[in-house]
Amino acid sequence: MSIKATEAIVLPGVFSNKRKYLYIIFLSLITALIILTLFSIGIGAVFIPVDDVIKIIMHQFLSTAIQEELIQSEVILIAIRLPRVLMCLLIGATLAVCGAVLQGLFRNPLADPQLIGVSSGAALGVAISIILGPSLNKLLPEMEISSILPFMAFFGGFAATTIVYRISSKHGKTSVSTMLLSGIAINALCGSIIGYLIFLADDNQIRDLTFWTLGSLNGSSWKSLYAIFPFLIFTIVVLPFFSSKLNVILLGEEEAKYLGVDVDKLKKYMIFLASLGVGACVAVSGIIGFIGLVVPHLVRLIIGPDLRILIPASIILGATLLLCSDLIARTVVAPTELPIGIVTSLLGAPFFIWLLIKNRSLQNYL
């Protein structure tokens, strides 16, 4: 009798209970996300109750009747708040899924789009676009700078991640310590170049560059949402399909090769998709740290390391956590607004410190 057959006979209740537990977890995450989304849409200078939010959304998408006194609220909700909330959900989901994939790919609990240079490389690409904007407008007057920001952010993030990967890999093996150190070096290099660009920039460009480095969703609009929507959706939808192969990678690269996984090709795909997603996020929101680090760990503590489950759960929790951070950024110092990157750093830095303390034994296998 096979091991699987024996497990099915001896432990039927264990698998059934785990399945029920996962159903409860996912149902709770989805419910929390829906409630927080409806609540977040209503919060602002003009408060819109949740029941009115539901009526307005139903009117927009189902053509139901609406009271005349809700017309002004409808304009505020549809034109300003809804694109921001949708942008927040997509960016949070993208950063979280990229973080989960990179942690699985590098078999490193500290891997994060920000720590290994993706975010800083993407920010450098955006900074170059902002500074060279006037020159590009002269060469290509019909092209708007906003249309090339996602591409520049992608190329910057992809280049930074590729450099980190090349430095930290030797004979098909990735050194975790070298990867982290090279990520720190790339972050410092990109930061210094961005600092030099700020030195050369005029007042308007300095304001824009400050926006990218601190991270903010204040400029969200339907136009910016449409610009990055294909990139984010593609990343969110495609990455979970690699979860089974990433599970094999967790056993080790040599073992994965013996089991038929093309490790080098898988790494290239994952780096490409992570750079694409994070680059698009940075292009519209700037650098938002710690979402890709914190969310996969929180999910791993709740449901375990199986990436087939961890990645979808990270998508939901990432969207929820960033939406919560955005709500804090909009309300804690109202009527002004904190950059959302400050909020996520304040929430994520203590968790990162706790993670380092908790994993002191990590140095044994670095």
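For the listed peptides 274-287, 83-96, a ranking on the average number of other beta carbons within 10 Å per residue, highest first, reads 274-287, 83-96.
The charge dipole of the range 253-366, taken about the Cα centre with unit charges on the Cβ atoms of Lys, Arg (+1) and Asp, Glu (-1), comes to about 120 debye, rounded to the nearest 20. When you count the other C-beta atoms within 10 angstrom of each residue and take the mean per peptide, 148-161, 28-41, 291-304 line up highest first as 148-161, 291-304, 28-41.
Take each of the peptides 61-70, 17-26, average the number of other beta-carbon atoms within 10 Å over its residues, and list them starting from the highest.
My ranking of the peptides, most packed first, is 17-26, 61-70.
Within the shell defined by Cβ-Cβ distances under 15 Å, the residues around Ile25 carry a net charge of +4, with Lys and Arg each +1 and Asp and Glu each -1. With N as its number of residues, the chain has a Cα radius of gyration that, divided by 2.2 N^0.38 Å, comes to 1.05. Taking each DSSP H run with n ≥ 4 as -39500 (n - 2.57) and averaging over every residue of the chain yields -25000 deg cm²/dmol at 222 nm.
Farthest towards the positive end of the charge dipole of the chain, among the residues Ser28, Phe61, Pro109, is the Cα of Pro109, using unit charges on the Cβ of Lys, Arg, Asp and Glu. Which of Ser192, Ser129, Ser168 ends up with the largest GNM mean-square fluctuation for the chain, with Cα atoms connected below 10 Å? Per the Cα network of the chain with a 10 Å cutoff, Ser192 tops the list.
Averaging sequence separations of C-alpha pairs under 8 Å and six or more residues apart, then dividing by the length of the chain, give the relative contact order as a whole percent. Working shown, then result.
Values: 509 pairs, mean separation 99.7, N = 366.
Value for the chain: 27 percent.
Placing unit charges on the Cβ atoms of the charged side chains and taking the dipole of the chain about its Cα centre, the candidate lying farthest along the positive direction among Trp222, Trp212, Leu317 is Leu317. Span-like helix check, the chain: qualifying full DSSP H segments, with Cα axial length of 30 Å or more and mean Kyte-Doolittle of 0.0 or more, are 12-42, 82-106, 145-168, 176-200, 263-285, 307-331.
Laboratory data are not the source of any read-out in this text; all were calculated from the coordinates shown. Note that this is a predicted model, so its numbers are computed, not measured. Positions of Cβ are backbone-derived with ideal geometry, glycine not excepted, and every protein chain shown enters the neighbour counts.
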